[in-house]
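Structure, as structure tokens:
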Ligand SMILES: Cc1cc2nc3c(=O)[nH]c(=O)nc-3n(C[C@H](O)[C@H](O)[C@H](O)COP(=O)(O)OP(=O)(O)OC[C@H]3O[C@@H](n4cnc5c(N)ncnc54)[C@H](O)[C@@H]3O)c2cc1C
């Protein structure tokens with residue numbers, strides 16, 4: 001997106017923009033501190049003899065006694081059977097919630113990766129659970145195969161993304177755990193289970209989105225597709241136009257999502273359509289996203305106190321209309337990189353509330369003048385996993401972000417209470433405050449999941465503080 005700091009300066013972010021506005025307001029805003037309390041980057045080393053683990057955004061940390069990196073199912077099973085204490089599986093650490101931290105043992109599936117078997121006729125592949133999505137997508141493409149959809153980044157592992165119900169964008173496209181047709185799991189007792197719908201329908205429905213609370217999954221069998229191409233378009237449009245067309249566009253396009261640029265009245269719309277036309281690549285400058293984000297941040301820093309001037313300045317600098325238009329293999333277009341770190345809350349809300357929810361969230365966002373990170377709005381189809389946030393029907397997913405070293409209290413004070421009123425369900429990997437009581441009310445199979453979890457892991461070895469809050473209350477202990 002070609003909005004740069006330089007362009008903003010040219011459009012008046014400098015001294016010219018503030019003429020005629022009371023200096024006192026400017027000065028008091030200039031004194032605002034957006035820093036997150038306790039933020040320190042880089043984090044200190046772990047005490048001697050221990051290792052330090054941190055998630056991608058830096059808000060989850062722990063100093064486990066060991067990060068165990070198994071090579072085989074048997075090696076992992078033996079390790080679990082012969083040790084005591086907590087065990088938490090980890091993928092690529094891209095969750096914002098405290099799903100992984102433990103002071104005991106983190107199990108990293110990084111060495112259990114790659115395609116192990118495939119059937120080209122049935123389009124079925126068996127893959128190590130530590131495989132990253134990008135690696136899988138690339139390997140599939142060599143076989144003439146592809147994933148139906150992908151999230152907006154592709155560095156996550158299969159184990160990590162399936163276990164939190166990671167999703168892409170598309171009203172007719174389910175979250176990616178729905179491609180699972182079987183998996184292998186090592187349990188707290190050190191058993192190695194092979195699970196399919198036919199062999200164990202309950203564990204199959206629970207284990208697809210299991211938060212790493214049922215056991216360590218070492219291998220997945222997936223239903224994939226023939227490789228296909230997509231036509232991607234990215235346009236900048238006034239938010240009122242986007243709100244008018246969103247629900248229709250979500251139904252018409254293969255994939256559809258949009259971002260609102262806080263305080264601007266403008267949004268960026270992304271659509272994806274399947275095509276057989278030849279590949280037509282457009283060079284995209286990877287530094288542009290950093291430039292744009294820094295431009296939006298600077299506009300916030302300097303003009304956050306004067307919303308109408310901030311809006312005018314950014315609007316002048318923003319390009320309008322279609323700014324990206326290309327055709328490529330699906331996996332090359334569906335995921336990008338996120339070079340700027342952030343923290344995030346995303347709730348999945350029943351689609352019938354979509355219109356009201358989009359307007360209300362934008363209103364709340366613009367009322368918080370310090371927010372400059374774009375929000376992301378997507379649609380996801382229904383599936384049947386017991387803890388899938390999408391098992392009640394099609395959903396709109398709304399994600400609000402905060403710059404990584406800044407406060408994000410507003411996610412909990414200004415947005416989460418509203419989502420709760422709409423029976424929204426949180427993304428398991430993104431910030432939320434819900435515990436067992438609230439989750440039980442949201443998920444019809446919550447008690448069944450918990451009973452299965454207890455039967456597989458009676459001593460709670462796969463629980464940490466975050467998961468205790470999710471699974472344990474007076475009704476479940
Ligand atoms: C920049 C960025 C972009 C993102 N984009 C999207 C997006 O587009 N859509 C979306 O839905 N989400 C998105 N997310 C969220 C992310 O996809 C999820 O949090 C996902 O779980 C991260 O995968 P991971 O491999 O890093 O797993 P981790 O965060 O390491 O682990 C996640 C959970 O899976 C469990 N787990 C990991 N491996 C296994 C295993 N082998 N067996 C059992 N349990 C296991 C862990 O114990 C933990 O509970 C994004 C996050 C970031 C930071």
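The simple spin-label model puts a point 7 Å past each Cα toward its Cβ; for residue 121 and residue 245 those points are separated by 4.5 nm.
With the Cα gyration tensor of segment 436-477 giving a ≥ b ≥ c as the square roots of its eigenvalues, does the rule (a/c under 1.5 for rounded; else a/b larger than b/c for prolate; else oblate) give rounded, prolate or oblate? Judged from the Cα gyration tensor, segment 436-477 comes out oblate (a/c at least 1.5, b/c at or above a/b).
The distance between label points at residue 285 and residue 252 comes to 3.1 nm (points 7 Å beyond Cα on the Cα→Cβ vector).
Relative contact order for segment 229-426: what percent, with Cα pairs under 8 Å and sequence separation of 6 or more?
Details: 330 pairs, mean separation 52.6, N = 198.
Taking the mean separation of contacting Cα pairs over the length of segment 229-426, I get 27 percent.
For a Förster distance of 51 Å, can you work out the FRET efficiency between the beta-carbons of residue 329 and residue 35, rounded to the nearest 0.05? FRET efficiency, residue 329 to residue 35: 0.75.
Per-residue ellipticity at 222 nm computed for the chain from its helices equals -8000 deg cm²/dmol, with DSSP H segments shorter than 4 residues left out and the rest contributing -39,500 (n - 2.57). For the chain, the share of DSSP beta bridges that are antiparallel, to the nearest 5, is 90%.
A full extension of the chain between residue 301 and residue 473 corresponds to an added length of 57.6 nm, given 0.36 nm per residue minus the alpha carbon distance. Of 166, 336, the sequence from fewest to most neighbouring Cβ atoms within 10 angstrom is 336, 166. Among 360, 376, 346, 198, the order by Cβ neighbours within 10 angstrom, fewest to most, reads 198, 360, 376, 346.
Seen through its C-alpha gyration tensor, with square-root eigenvalues sorted a ≥ b ≥ c, segment 62-166 comes out oblate because a/c lies at 1.5 or above while a/b is not bigger than b/c. On the basis of the beta-carbon distance and an R0 of 25 Å, residue 202 and residue 74 show a calculated FRET efficiency of 0.50. The ranking of 132, 280 by Cβ neighbour count inside 10 Å, starting from the fewest, reads 280, 132.
Compared with the direct C-alpha span, the chain from residue 45 to residue 355 gains 106.9 nm at full extension, assuming 0.36 nm per residue. Spin-label pair residue 316-residue 82: with each label point 7 Å from Cα along the Cα-Cβ axis, the two points sit 7.1 nm from one another.
Can you work out D for the chain in µm² s⁻¹ from Stokes-Einstein, where Rh is the Kirkwood radius over C-alpha pairs, the temperature is 4 °C and the viscosity is 1.567 mPa s? Walk me through the intermediate numbers first.
Details: Rh = 23.4 Å.
Once the numbers are plugged in, D ends up at 55 µm²/s.
Classify segment 229-426 from the C-alpha gyration tensor, please: rounded if a/c falls under 1.5, else prolate or oblate depending on whether a/b exceeds b/c. Here segment 229-426 falls in the oblate category.
Given R₀ = 25 Å, what would the calculated FRET efficiency be for residue 61 paired with residue 223, taking r from the Cβ atoms and rounding to 0.05?
Values: r = 37 Å, r/R0 = 1.48.
According to the calculation, E is roughly 0.10.
We did not get these values from a lab; they are worked out from the coordinates using the rules stated. Predicted, not measured: the structure shown is a model, and the values here were computed from it. A quick note on method: Cβ atoms are made from the backbone with ideal geometry, for glycine too, and the neighbour counts reach across all protein chains shown.
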